[in-house]
Amino acid sequence: VEDVSEMHKGHKGYTEGQETHFIIKIKSAKFYGRKKIEIHRLINKILAEEWKNGIHSISINAEA
């Protein structure tokens, strides 16, 4: 997980001093045979509470 919030300074969803934008690189056997959209939905479900608490954007790089 990489915080890239500062790269989004001045963009919608950016809040000074907060972590709002992330790149997530993840590898899991649970992703094998799943479509990209299914993997993204799984990850977003896990992050549901974080979305409520200020995350604005994530970029997901997932592989099985």
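Among the residues making up segment 9-22, those that are more than 10 Å from S57 (Cα to Cα) and either open to solvent by less than 50 Å² (accessible area, probe 1.4 Å) or without any contact (Cβ under 8 Å) to a residue 12 or more places away in the chain (or both) are K9, G10, H11, E16, G17. Selection of segment 46-55 for residues being in a helix (DSSP H, G or I) and under 11 Å from the mean Cα position of the chain (by Cα) yields I46, A48, E50, W51.
Number of residues in segment 23-60 that are of a type in the set (D, E, K, R) and open to solvent by less than 100 Å² (accessible area, probe 1.4 Å) equals 2.
A single entry from I37, I26, I43, I58 fulfils the requirement of being of a type outside the set (F, W, Y), under 11 Å from the mean Cα position of the chain (by Cα) and not in a strand (DSSP E or B): I43.
The values are calculated or read from the model by the stated rules, or taken from the named source; none is laboratory data. The structure displayed is predicted, hence computed values, not measured ones. Methodologically, a virtual Cβ is constructed for each residue, glycine included, from the backbone with ideal geometry; neighbour enumeration extends over all protein chains shown. These area figures cover heavy atoms from the full protein model, side chains too; ligands, DNA and RNA do not enter into them. Shrake-Rupley method; radii C 1.70, N 1.55, O 1.52, S 1.80 Å.
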